[in-house]
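Down below is the structure, laid out as structure tokens.
Computed from the coordinates by the stated procedures, all read-outs in this text should not be read as laboratory data. Please read all numbers here as calculations on a predicted model, not as lab measurements. Using ideal geometry, Cβ is built from the backbone for each residue, glycine included, and neighbour counts are taken over all protein chains shown.
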Amino acid sequence: MPKYFFVFIAVFLSVSSFSQEERKTQLWNYNKVSVYLSPKTSLEVVEKIHYTTQTNSVDVKFGDLWLTRKCNNWFEYAGGFRMNYVRKNNSWLEERRTMLLTELSKDIKKFDFSLSGRFEYRWFKEANEHFRFRQKLNINFPPVSKWGLNFFTSEESFIKMNSEKTHLARVYAGINTINKGHFEMKIYYSLEKIKSFDYWNTTDIIGMNMNIRL
């Protein structure tokens, strides 16, 4: 257990010290309810909010609906739809998004690796429509207690297909605190870099994810 703990701390420190410029701080809350229609198929409803501490306001809120199919122990795919609202200049920018996701997973020496790709079509009331691709790599460390407590780290990046350039990237370090029966909860820190014109803005994120499985 100690060696996994020190590896996780090293990752966390490298993430949190990645940038020293002035930046925003946000609190994220993610809630998901998964209803299993069959042993391999589930319907998932998601809500999420982003709260910015400097402005004392919710700046992002969205809801998802997903249909997920797990083919075997290493491959699954899903289709989803999102209604997203982003605060811009004291008003809400409305976005609708269709998504197609595939995920590969593999256990290697008690470490759980997963690699996912998500194609998105985003259309707005007051912005240009475009396709986007998100890739994410996640690593779950071996459990360190009988309750299933384990550390994880991940990275994700987003590429706008019309420009073929990465405009958003995040790295995460966190803890799966509960994963028992019908309930799962994790907390994490994330460093976000998002491009605005020729400048990369930075945000520190503290988040909590909760999942109820029915």
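Summary of computed values
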item: Per residue, the convex hull volume that the Cα atoms of the range 140-214 enclose (Å³); result: 107
item: Residues 172, 30, sorted so that the one with the fewest Cβ neighbours within 10 Å comes first; result: 30, 172
item: Mean ellipticity per residue at 222 nm, deg cm²/dmol - from DSSP H runs of n ≥ 4 across the chain, formula -39500 (n - 2.57); result: -2500 deg cm²/dmol
item: The chain: relative contact order as a whole-number percent, Cα under 8 Å and 6+ apart; result: 18
item: Cβ-Cβ FRET estimate between residue 110 and residue 27, R0 fixed at 30 Å, reported to 0.05; result: 0.40
item: Those trypsin sites (Lys or Arg not before Pro) in the range 90-121 that DSSP places in a loop and that have at most 11 other beta carbons within 10 Å; result: 109, 110
item: Lys/Arg +1, Asp/Glu -1 at C-beta; the chain dipole; positive extreme among 178, 188, 199; result: 178
item: Likely footprinting exposure, 50, 130, fewest C-beta neighbours within 10 Å first; result: 130, 50
item: Aspartates and glutamates whose Cα lies under 19 Å from that of residue 61, excluding same-chain neighbours fewer than 8 positions away; result: 44, 47, 94, 95, 120, 126, 192, 204
item: Across 109/193; 160/193; 40/180; 70/180, pairs whose alpha-carbon gap is larger than 22 Å; result: 109/193
item: Kirkwood-based Rg to Rh ratio, the chain, C-alpha trace; result: 0.95
item: Net dipole in debye of the range 2-213 [+1 Lys, Arg Cβ; -1 Asp, Glu Cβ; about Cα centre; nearest 20]; result: 460
